[in-house]
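Accompanying notes for the structure given below.
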Amino acid sequence: MVKSISEVGVEDLVHAGLTIEEAKRFDQVLKETILSVRGSESDPRELWRELVARRLLKPWHPHTLHQLVYYSVYANWDASNNGPPLYWFPSLWYAKQRNLGRIMEMYGPKLLGTSYKDPITSFNLFHKFSVEHPEVYWPILLKELSVSFIEPPKCILDTSDNSKHGGTWLPGSVLNIAECCLLPREHPKKEDNSLAIVWRDEGFDDYEVNRLTVKELRQQVMMVANAVAATFSKGDAIAIDMQMTVNAVIIYLAIIVAGCIVVSIADSFAPKEIAVRLRVSKAKGIFTQDFISRGGRKFPLYSRVIEAATCKVIVLPVIGDDIGVQLREQDQSWKDFLSSGSRHPSIGRSNYYIPVYQSIDSVTNILFSSGTTGEPKAIPWTQLSPIRTGADGWAFSDNKVGDICCWPTNLGWVMGPSMIYGCFLTGATLALYHGSPLGRGFGKFVQDAGVTILGTVPSLVKTWKSTNCMKGLDWTKIRSFSTTGEASNVDDDLWLSSKAYYQPIIECCGGTELASTYITGSHLQPQAFGAFSTASMTLGFVILNEHGVPYPDDVACVGEVGLFPHSMGATDRLLNADHEEVYFKGMPIYKGKQRLRRHGDILKRTVGGYIIVEGRADDTMNLGGIKTSSIEIERVCDRADECISETAAVSVAPANGGPEQLVIFVVLKKGYNTNAETLKIKLSKAIQRNLNPLFKVSLVSIVPEFPRTASNKILRRVLRDQMKHELSVKSRL
């Protein structure tokens, strides 16, 4: 049992890692703070808020101390009646300084009239207005993002074509969205000599951080665009299979500047996966590296690519100027590729390549789903998609001029392009680490580069925390974190937020096909660990019961999400699947007007309106007639015993029929040992105590690691199939 905060004493603080003298001083301030906050026993949120404001807990304090204080403050918290415990609260002054808060102050009184109060009080009203009046919201955002049209749009949204569920956005407009990323901006001001990119190569941790200005980035992109134009034709699909380096970013923008299409391929893929993506996209060429450099080791990449690619391959050296592999006859080194551009007539006397301007619905990027259930879906991004993802970076990550944003990712996944547009369209600086983000080298880069916004995935945070590799580093310049990709762990997020005096972690959940989040955290609302506080701007959703009927918006509930279809940047086509069937077929019509868009997530809306993702619709299970989700069970199991690193829950129907059986797969922490039967008892008790007394764990399987997609999501389907096979074999013996 966790003690309440008023019961915590010096002995507990020493046990949590403080010296006797430190514990006495800490205890004195803690007791004074408890006394100063009226009603702290009845509303622990106010006490936690005050403790954070006083910075009693330091980033260098042991995590055990942070755990002791946080869990003790909320020891008697009833989440079922009060919603999730909150850890971060925006002040009114802070809210007005945020991008979204600033335009709410500018436009709120005019748009909402006397209903408008301030960015915190009126946030929900303003969000609702953005959903109902996108034609008012988006012109404001286009100006904020400095999107420059050669031909302006005829309108914001045309809904006259009933065959298009999502409508037609910015019809008639012409631009080059990559060029918009490369130009100086006036409001807020970003000049040619402002920083565009900062980076460091792994292994050079004690060297200065490298810097590239806006002007230098533009010059390099135009040089590469000229070589692209000399080698390929307008509209060609050209793949990138590289680490997300400075050169990869330059190549990405150059392909789009030249009027071609980027095909995104993750550098972790095997030849078979590369081949599928090249075939589906009909790629005419591919940029890659001779090797991948990560964790102090080199891994072959070019050899993997040529096993899959019959098209032209352009090869960059991972180290130095010369490539370290023998090329095929049709392939080309980076150095030779660049020299081919100098002979192309489009470069002109000004040494400036003139971008190819195209209609707003022209494809700029082909991305792919994880492909966990067959061939990956080929998802085309038009020029609308970058605007949408840039708007998310502006509104919810609060990217702005002067920020340095880092999110270790890859151009093969949606967060790679999202980071490019989220930085360059908002005027922020992109921070890149050329190497593995798992170790101290990455953390030191975050410190030395002065990163202000750090993006993560939960498994990455879990590794940092478990290895303690970031000890002694200063991350206090970080003003907010972001996270996406999988369900967050509350204790891991507690560790992460504490490294920057409990700055907010903005949870993001969306999809490649949406080019954005659909639920997120917000700098204008109090935040809870592992929870989302709002839908994205201009985007609405409902939670459906098992009959497909929406729950009322203010009711706590659990069900599958249905998205409102009018979402700028969301796909209206797939290259290798039926878009209508995938996203709309069988979905209910909302209020007799719009057919909802399928997304496949199971959401839990709590008291107070916070959202928790309970997993995918195909990860739900029926235990004793009660529907629940894998993630809901895993959240309980992960904290059931200190030996557990992570868990995966699946349900398996017995070979001879009967009710579904709950199976828990467990990965143990390094250095720990236990047996499956002992864990089965502990996990059953934890689930019955915290979820449902009728739930029973039928089997526990201890495994060294979980099968995952290339984007690090657990493949529960594979675990389920493995267990079905094992049980089938046992039943025959």
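No value in this document is a laboratory result; all are computed from the given coordinates. Values in this document were obtained by computation on a predicted structure and should not be read as measured data. Quick reminder, even Gly has a Cβ in these numbers, built from the backbone with ideal geometry, and neighbours come from all protein chains shown.
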Karplus-derived HN-Hα couplings along the range 168-178 (A = 6.51, B = -1.76, C = 1.60, θ = phi - 60°), whole Hz, x at Gly and Pro: 10, 9, 6, x, x, 7, 9, 6, 10, 5, 5
The range 393-436 versus the range 563-580: alpha-carbon centroid distance in Å: 24 Å
Globularity ratio of the range 506-557, using Cα Rg and 2.2 N^0.38 Å: 1.24
Cα-based shape type of the chain, given that a ≥ b ≥ c are square roots of the gyration tensor eigenvalues and the cut on a/c is 1.5: rounded
The range 585-637 and the range 192-232: distance between their alpha carbon centers, rounded to Å: 43 Å
Stretch in the chain that is longest and holds no GluC sites (Glu not before Pro) that DSSP places in a loop and that have at most 14 other beta carbons within 10 Å: 330-545
Förster-model FRET efficiency, 56 Å R0, Glu216 and Leu694, C-beta, rounded to 0.05: 0.30
Computed Rg/Rh of the range 86-197, alpha carbon atoms with Kirkwood Rh: 1.03
Candidates per chymotrypsin sites (Phe, Trp or Tyr not before Pro) in the range 432-521, loop by DSSP, up to 16 other Cβ within 10 Å: Tyr501
Relative exposure of Val697, Val636, judged by other C-beta atoms within 10 Å (fewest first): Val636, Val697
Antiparallel content of DSSP bridges confined to the chain, in %, to 5: 60 percent
The range 624-732, Rg to Rh (Cα coordinates; Rh as Kirkwood inverse mean 1/r): 0.95
Burial ordering of Met568, Met244, fewest other beta-carbon atoms within 10 Å first: Met568, Met244
Sequence-separation-based contact order of the chain, relative, with Cα cut under 8 Å and 6+ spacing, percent: 11 percent
Difference of contour (0.36 nm per residue) and Cα-Cα distance, Gln326 to Glu151: 58.3 nm
Taking Val69, Val10, Val246 and counting other C-beta atoms within 10 Å, the order from fewest to most: Val10, Val246, Val69
Acute angle (nearest 10 degrees) that the helix 20-36 long axis makes with the longest principal axis of the chain, alpha-carbon atoms: 90 degrees
For the range 383-497, Kirkwood radius (reciprocal of mean inverse C-alpha pair distance, Å): 14.4 Å
For the range 254-295: rounded, prolate or oblate by the Cα gyration tensor [a/c cutoff 1.5]: oblate
Per-q log10 I(q)/I(0), the range 5-77, q = 0.18, 0.20, 0.21 Å⁻¹ (Debye; single scatterer per alpha-carbon; no solvent): -0.63, -0.79, -0.87
Reach of Lys31 by Cα under 20 Å, taken over aspartates and glutamates that are not fewer than 8 positions away in the same chain: Glu7, Glu11, Asp12, Glu21, Glu22, Glu41, Asp43, Glu46, Glu50
Hz values of 3J(HN,Hα) by residue in the range 640-645 - Karplus curve (6.51, -1.76, 1.60), Gly and Pro given as x: 6, 7, 5, 7, 8, 8
Geometric extent, Cα atoms of the range 56-144 - Rg, Dmax (angstrom): 18.5, 50
Quarter of the Cα convex hull surface for the range 497-588, i.e. its orientation-mean projected area (nm²): 7.8 nm²
For the range 434-446, Karplus couplings with θ = phi - 60° (6.51, -1.76, 1.60), whole Hz, Gly/Pro x: 7, x, 7, x, 7, x, 5, x, 5, x, 5, 4, 4
Stretch gain in nm, segment Ala676-Asp554, where the contour uses 0.36 nm per residue and the Cα spacing is subtracted: 39.7 nm
Trypsin sites (Lys or Arg not before Pro) restricted to the range 551-620 and DSSP loop, no more than 13 other C-beta within 10 Å: Lys585, Lys591, Lys593
Net charge of Cβ neighbours under 13 Å - reference Arg102; Lys, Arg +1; Asp, Glu -1: 0
Rounded tilt (10° steps) of 458-467 against the dominant C-alpha axis of the chain: 60 degrees
Three-way shape label, the range 177-505, alpha-carbon gyration tensor, a/c 1.5: prolate
In the range 158-233, the chymotrypsin sites (Phe, Trp or Tyr not before Pro) that fall in loop regions by DSSP, at most 10 other Cβ within 10 Å: Tyr207
0 to 90° range, to nearest 10: angle between helix 99-112 axis and the chain longest Cα axis: 90 degrees
Cα centroid of the range 541-560 to Cα centroid of the range 154-173, whole Å: 28 Å
